[in-house]
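In what follows, a structure is listed as structure tokens, so that the remarks can point back to it.
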Amino acid sequence: MKFDVPAIFNKCAFEIKKHSPEILIVTGIVGVVTSTVMACKATRKLDPVLEKHRKNLNEVHKKYADENGVVCAHSQTFEAKKDTIIVYAKTSVEIVKLYGPSAAVGVLSLTGMVASNNILRKRNMALAAAYAALDQGFREYRGRVATKYGDEAERELRYDLHQEKITVEETDEDGKKKKVKQSVAVAGNGMPSIYARYFAYGDAKGAEPNEDYNRFFLKAQQSLANNMLRVKQHLFLNEVYDMLGFEPSIAGQSVGWVYDKERDDHGDNFVDFGIQEVWRRRSDDPNDLEKVFLLDFNVDGNIMAHAFDNGLITE
């Protein structure tokens, strides 16, 4: 059996580069612990060094003291100062030998952690740039679809909607109730985007069985979110999810809105829940439909880099 050594080497090198942040951070943590242990062991050997230092200083003291052991002023000569400096220098060297290895390991460990953070930061910036390009391409695609087929067709394709005839009960001007046939937009089984959510009783903690209440609540929370954006100058999608009673998401921790009137290249400067009234099939009875609110938020994309650069959030 033959081994393709270059291919194996390249594969290993790729895997190491791929997981380099994790490798560096783990190595850094292990190094910090090792450095601490080494420093503790070095401290146990420090007493003999200090004792030797005191002994050498006493010898210098005796050398330049009179018969009564008193160091006279005239004895503070260049030689005495020189001998004292030598004692301190030798002691410093001994201390460096004790703590030097632990300090070196600690510095290397911290360097690895910083390098890991830099790699992740560069990768996040690359992902943000890729997301921006993808989002721009998607917006242009939507525009072309709307131009060719119309806004309603684009909306149905984007949100996986289709028209169905249903029977609904309406009240006429005389207060009499009657059943009429009506064409409504019915949503498919999937979610139209990773940010979209259905606001309905049972799906969101803030929702109630009353349709009018839910509509009023959504508009009120949208107004509140815009006030928060203007005050904080940034707002994460997870914060809006929390306001509505949705569970947070991984994407919601990075994407959101930025309020910056000086720039027009980052977003709309306002929060729009994209509130749409649609119908969907009940989970307990697929043959029956229920009216819900489909929310598709107009997030600006990944706002982490912008927020960091402008001091809106800190590490």
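Only one entry of 163, 222, 182, 233 meets the criterion of being closer than 20 Å to residue 292 by Cα, in contact (Cβ under 8 Å) with a residue 40 or more places away in the chain and not aliphatic (A, V, I, L, M), and that entry is 222. Between 188, 252, the distinction of being in the same structural domain as residue 284 (by TED's automatic domain parsing) and either touching a strand residue (DSSP E or B) at 6+ places or on another chain (Cβ under 6 Å) or surrounded by fewer than 19 Cβ atoms within 10 Å (Cβ to Cβ) (or both) belongs to 188 only.
Let's see how each residue does on (1) at pLDDT below 75; (2) more than 29 Å from residue 123 (Cα to Cα); (3) in contact with a Cys (Cβ under 9 Å, 6 or more places away or on another chain):
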{"residue": "10", "(1), (2), (3)": "yes, no, no"}
{"residue": "14", "(1), (2), (3)": "yes, no, no"}
{"residue": "29", "(1), (2), (3)": "no, no, no"}
{"residue": "42", "(1), (2), (3)": "no, yes, no"}
{"residue": "91", "(1), (2), (3)": "no, yes, no"}
{"residue": "98", "(1), (2), (3)": "no, yes, no"}
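Among the residues in region 79-89, are any at pLDDT below 80, of a type outside the set (A, V, I, L, M), over 32 Å from the mean Cα position of the chain (by Cα) and on the phi > 0 side of the Ramachandran plot? Taking every residue of region 79-89 in turn, none turns out to be at pLDDT below 80, of a type outside the set (A, V, I, L, M), over 32 Å from the mean Cα position of the chain (by Cα) and on the phi > 0 side of the Ramachandran plot. Looking only at region 159-166, decide whether some residue is of a type in the set (Asp, Glu) and in contact with a Ser or Thr (Cβ under 9 Å, 6 or more places away or on another chain). Among the residues of region 159-166, at least one is of a type in the set (Asp, Glu) and in contact with a Ser or Thr (Cβ under 9 Å, 6 or more places away or on another chain), which makes the answer yes. Residues in region 233-266 that are at pLDDT 90 or above and β-branched (Val, Ile, Thr): 240 only. With respect to the conditions (1) modelled with pLDDT under 80; (2) surrounded by 15 or more Cβ atoms within 10 Å (Cβ to Cβ); (3) among the charged types (D, E, K, R), residue 272 lacks only one, and its number is (1).
The values are calculated or read from the model by the stated rules, or taken from the named source; none is laboratory data. Remember, it's a predicted structure, so these values are computed and weren't measured experimentally. No Cβ is skipped: glycine too gets one built from the backbone with ideal geometry, and neighbour counts run over all protein chains shown.
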